[in-house]
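S.K.: Please find one structure pasted underneath; my questions will follow.
The values are calculated or read from the model by the stated rules, or taken from the named source; none is laboratory data. Note that this is a predicted model, so its numbers are computed, not measured. FYI the Cβ positions are ideal-geometry reconstructions off the backbone, even for glycines, and counts take in every protein chain you see.
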Amino acid sequence: MSRLLPFIGFMLLVGLFGFGIWWNTQHDPNAIPTPLLNKPAPEFNLPKLYEPAQTVSKADLLGRPYLLNVFASWCVECGVEHPVLTAEGPTLGVELVGYNYKDAPDDAKGWLAKHGNPYALLIADEPGHTAIDFGVYGAPESFLIDAKGVIRYKHIGPLTPEVVAKELKPAIAAMLKEAP
Amino acid sequence: MLPELGQIALLLALLVAALQALLPLLGAQRDVPVLMAVARPAAWMQLLLVGLAFAILTHAFVVNDFSVQYVAENSNSLLPTLYRYTAVLGAHEGSLLLWALVLALWTAAVARFSKALPLPVVARVLGVMGVVSVGFLAFLVFTSNPFIRILPAAGEGRDLNPLLQDPGLIVHPPMLYAGYVGFAVPFAFAIAALLERRIDAQWLRWTRPWTNVAWACLTLGIALGSWWAYYELGWGGWWFWDPVENASFMPWLVGVALIHAQAVTEKRGSLRAWTILLSIFAFSLSLLGTFLVRSGVLTSVHAFASDPRRGVFILAFLTIVVGGSLLLYALRAPKVLGGKPFQVVSRETALLISNLMFAVAAAMVLLGTLFPLIGDALNLGRISVGPPYFGFLFPLLMLPVVLLLPFGPFLRWGKGDAPVLKQLLLRAGIAAAACAIVAAFLVDGQPKAIAGVAALVWLVVGVLLYALKRWREMPRGRRYPAEMAGMLLAHLGVGVFVAGVLLSESLSVTRDVRMAPGESQRIGSYEFRFDGVHHTTGPNWTADQGAVTVTRGDKQIAVMHPQKRTYPRGQVQTESAVDAGVTRDLYVALGEPMDANDLEGAWALRLYYKPFVRWIWAGGLLMMLGGLVCAADKRFRLKRSAAVSAAASDGLLAQETRA
């Protein structure tokens, strides 16, 4: 019997690992909880990409919900996300605000000229300091911000059709239902 | 075209591995020499095919073939050529391919250096290694194919993680894997012995150098990883009890136990079942480490991208290989207590105690590593035990090892004599106590540092006294056979390591400071002067580089250049500057500028003074060297005829085991 002990112990471990795999399919291990979720978005005041003399602050955008999309021309995955934004953007029911992150303005403009511009408004954060307040890990990232300036949803990585259908749209629907 | 060829090579390798697993094992069971003879050519064929696949993937990196998805994700046309070679190992698929390659290398080595063993044993050992190879190659082909193309090809790759763009990481993964995979040899031997229903001292003698070399590689791999973490991560630590580190440390601990248990079994015939169990454990923990790193079950700072499909695959594989082995062990392990009898005071007892301590330490590390998972399972929430748990329990378990280590060699097999031990206790004890008292004045009475000095003297004097005894009592030429010399070196390494850990942990000085150009900071007798920051560029990065001049008295010691690099995708990476020395390291890491618009102004800096920190890795290197020297002993390399005749006269044959 004692010779079976190592085997039994190991099978217990296997059970634990099986549970671990199952648990991770239920709980997204990559979901980095953002402390800002359901909290007011950080204050910002950033120049417009095309008219750097004008700045846009958080207060300017209060009153209507919008999707803040962090992107950059150097970011390969942003190229993957871009067609999705272009196709799905008009169907979302909120405005798209482009947040150009750590990018040379000319590179960003060139990139948008080549791939198309789905954004209603474009702001630029070349030094990337404001992005730290938002807790940006890297581009692309998207923040859904409601009319009161509260972050309602956040997605790290490219928005895929699946993410848009399963996460973003329900989040928008819930937000609009709450505050029509 | 080439990547497709690599793909085909991998598929063929999988087929060959399946043949290597099936036919020789079947042949050994049915006693069909033709089938058993398949093992060796299959091993060579596999090495050829996996080697080809690896070479093709490396080629794709070197020529920047971004039509291969794995290359596009882990390389970049700006990447320096040297790092294009290492980028192959930069993520899951490539490092798994390296695993398969190292396994193929070890298998081929076994095929080459096993002439002294009977054919059925060779067939079984290579067959078991074939089973392992099937698992890894199938894992590669079905869940982690490195040769997948993207159409149209990416114009530019995404870049290798900047943390991995470092010379230290060129040798670290291959060494680590050589260690993990090397434990497959004693494992395969143990399974073969269980299948054969007997454990022959000759075969065991043949296995010992393999265990030693595997363990030495693992030691070097871990030491390199620790050294890399020390200078690259920028916070001056050398070990973090991170799940991935623990994954490599567990097989190492069991490996220490296995090396010593094998010596007892080979020389005295005792502890046979234990040796077999440890052989299974050492390799199982290597597999488990791979599982933990790649399944995403545990989150870690350097875990690979996780994918539940991969987790399920490795778990199934683990269950078959490890579960099967342990079941076989339960059915077939030797039931009779064998071997020559021994008394309480004997070398056997000392080795048994150390074995127990290392096995318990491995179990302790496993438990601590899995704690978050257990917390989830029992619905206690995410609990992670971390350094306080390990930092308390591990030294506690190693204390008896350090105290008993000098006695081990002095003890005789079977029965030790007390007077010799008392003499040793007196001499080494007095030396240690005397040095500790002197040290107490030098280190301001820091208990950890005093313990470090005492442990160092206790271990080193103990080892040297034994070396002296051999010198006096043995005839020239028989004083230090390689096995003995290796043991002495490794034990000295333990002393150097323990001293390094305790002294650097207790005497290190860390200072987080704000420094304007021209300002100075003093640590001990060292004066650190900050000379400002300027901009510099490398092949694929730009950096703010600080200059810190260190002086001691009137003498300039070093000009250090810590950097803060920015890589093409915007990743920021600190490069600390280290001025290394035997008795101390000076270490400077660049933080943030106080004013983001004034890079020429004041900066946050982190200064470290780390005494004896290098001894930690020096101790590791000595242990590694000991393992290698030990493996080189001529005793382990018997000619075929000698092996057969020696086996006939060996006492173990009479004690063959029956289920």
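S.K.: Assess whether B:Gly179 counts as being modelled with pLDDT of 90 or more, crowded, with 17+ Cβ neighbours inside 10 Å, under 24 Å from B:Leu89 (Cα atoms) and not hydrophobic (A, V, I, L, M, F, W, C).
M.R.: Yes, satisfied.
S.K.: Follow-up. Being surrounded by 13 or more Cβ atoms within 10 Å (Cβ to Cβ) and out of contact with any Leu (no Cβ under 6 Å at 6 or more places or on another chain) is the filter here, so list the residues in segment B:524-533 that pass it. Break it down stepwise before answering.
M.R.: Applying the first criterion (surrounded by 13 or more Cβ atoms within 10 Å (Cβ to Cβ)) to segment B:524-533 yields B:526-533.
Matches in segment B:524-533: B:Tyr526, B:Glu527, B:Arg529, B:Phe530, B:Asp531, B:Gly532.
S.K.: Enumerate the pairs (first residue in segment B:552-570 and touching a residue at least 24 places away in the same chain (Cβ under 8 Å) and within 18 Å of B:Glu232 (Cβ to Cβ); second residue anywhere and assigned to a strand (DSSP E or B) and among the acidic types (Asp, Glu)) with beta-carbon separation below 8 Å, excluding pairs fewer than 6 apart on the same chain, so at least 6 apart or on different chains.
M.R.: So the pair list comes out as B:Met560/B:Asp579; B:Pro562/B:Glu575; B:Gln563/B:Asp544; B:Gln563/B:Glu575; B:Lys564/B:Asp544; B:Lys564/B:Glu575; B:Arg565/B:Glu575.
S.K.: Please work out which residue is farthest from A:Ser73 (Cα to Cα), limiting yourself to segment A:134-158 and to residues that are at pLDDT 85 or above and within 14 Å of chain B (Cβ to nearest Cβ).
M.R.: Filtering segment A:134-158 for residues that are at pLDDT 85 or above and within 14 Å of chain B (Cβ to nearest Cβ), the one farthest from A:Ser73 (Cα to Cα) comes out as A:Glu141.
S.K.: Regarding B:Arg606, is this residue crowded, with 21+ Cβ neighbours inside 10 Å, away from chain A (no Cβ under 14 Å), charged (D, E, K, R) and in contact with a strand residue (DSSP E or B) (Cβ under 7 Å, 6 or more places away or on another chain)?
M.R.: Criteria not met by B:Arg606.
S.K.: Before we move on, is B:Gly90 of a type outside the set (Lys, Arg) and more than 30 Å from A:Val80 (Cα to Cα)?
M.R.: So B:Gly90 does not fit the description; no.
S.K.: Next question, about the same structure. Take B:Ile374 and tell me if it is among the β-branched types (Val, Ile, Thr), part of a helix (DSSP H, G or I) and more than 27 Å from B:Phe497 (Cα to Cα).
M.R.: Against the criterion (among the β-branched types (Val, Ile, Thr), part of a helix (DSSP H, G or I) and more than 27 Å from B:Phe497 (Cα to Cα)), B:Ile374 qualifies.
S.K.: Ok, one more. Restrict the check to segment B:441-449 and report whether at least one residue is modelled with pLDDT of 90 or more, surrounded by 13 or more Cβ atoms within 10 Å (Cβ to Cβ) and either within 14 Å of another protein chain (Cβ to nearest Cβ) or assigned to a helix (DSSP H, G or I) (or both).
M.R.: Taking every residue of segment B:441-449 in turn, at least one turns out to be modelled with pLDDT of 90 or more, surrounded by 13 or more Cβ atoms within 10 Å (Cβ to Cβ) and either within 14 Å of another protein chain (Cβ to nearest Cβ) or assigned to a helix (DSSP H, G or I) (or both).
S.K.: Check off (1) part of a strand (DSSP E or B); (2) touching a Phe, Trp or Tyr at 6+ places or on another chain (Cβ under 8 Å) for B:Ala558 and give me the number that stays unchecked.
M.R.: If we test B:Ala558 against (1) part of a strand (DSSP E or B); (2) touching a Phe, Trp or Tyr at 6+ places or on another chain (Cβ under 8 Å), just (2) comes out false.
S.K.: Still on this model: Among the residues that make up segment A:97-108, is at least one of them at pLDDT below 90, surrounded by fewer than 19 Cβ atoms within 10 Å (Cβ to Cβ) and more than 14 Å from chain B (Cβ to nearest Cβ)?
M.R.: yes
S.K.: Name every residue in segment B:404-424 that is part of a helix (DSSP H, G or I) and either surrounded by 14 or more Cβ atoms within 10 Å (Cβ to Cβ) or at positive phi (or both), in order of residue number.
M.R.: Answer for segment B:404-424, where residues must be part of a helix (DSSP H, G or I) and either surrounded by 14 or more Cβ atoms within 10 Å (Cβ to Cβ) or at positive phi (or both): B:Leu404, B:Phe407, B:Gly408, B:Pro409, B:Phe410, B:Val420, B:Leu421, B:Leu424.
S.K.: Please state which of the following conditions B:Ala359 fails to meet, knowing it meets all the rest: (1) away from every other protein chain (no Cβ under 14 Å); (2) surrounded by 19 or more Cβ atoms within 10 Å (Cβ to Cβ); (3) of a type in the set (Gly, Ala, Ser).
M.R.: The failed condition is (1).
S.K.: I'd like to verify a number: residues in segment A:24-54 that are modelled with pLDDT under 80 and surrounded by 15 or more Cβ atoms within 10 Å (Cβ to Cβ), how many?
M.R.: Of the residues in that region, 4 qualify.
S.K.: Would you tally the residues in segment B:231-274 being in a loop (DSSP other than H, G, I, E, B) and either hydroxyl-bearing (Ser, Thr, Tyr) or within 30 Å of B:Trp413 (Cα to Cα) (or both)?
M.R.: Final tally of qualifying residues: 3.
S.K.: In segment B:138-168, how many residues are modelled with pLDDT under 90, buried (at least 19 other Cβ atoms within 10 Å of the Cβ) and assigned to a loop (DSSP other than H, G, I, E, B)?
M.R.: 5
S.K.: For residues that are part of a loop (DSSP other than H, G, I, E, B), buried (at least 16 other Cβ atoms within 10 Å of the Cβ) and within 14 Å of chain A (Cβ to nearest Cβ), scanning just segment B:323-349, find the one that is modelled with the highest pLDDT.
M.R.: B:Ala333
S.K.: Counting only residues that are more than 13 Å from the chain's Cα centre (by Cα) and either within 13 Å of chain B (Cβ to nearest Cβ) or of a type in the set (Val, Ile, Thr) (or both), how many does segment A:112-133 have?
M.R.: Result for segment A:112-133: 9.
S.K.: Could you identify the single residue in B:Gly135, B:Gly127 that is part of a helix (DSSP H, G or I) and surrounded by fewer than 24 Cβ atoms within 10 Å (Cβ to Cβ)?
M.R.: Working: B:Gly127 fails: surrounded by fewer than 24 Cβ atoms within 10 Å (Cβ to Cβ).
Residue meeting the stated conditions: B:Gly135.
S.K.: What do you reckon, is B:Ile191 among the β-branched types (Val, Ile, Thr), surrounded by 24 or more Cβ atoms within 10 Å (Cβ to Cβ), at negative phi and outside any helix (DSSP H, G or I)? Reasoning before the result, please.
M.R.: Details: among the β-branched types (Val, Ile, Thr): yes; surrounded by 24 or more Cβ atoms within 10 Å (Cβ to Cβ): yes; at negative phi: yes; outside any helix (DSSP H, G or I): no.
Answer is no for this residue.
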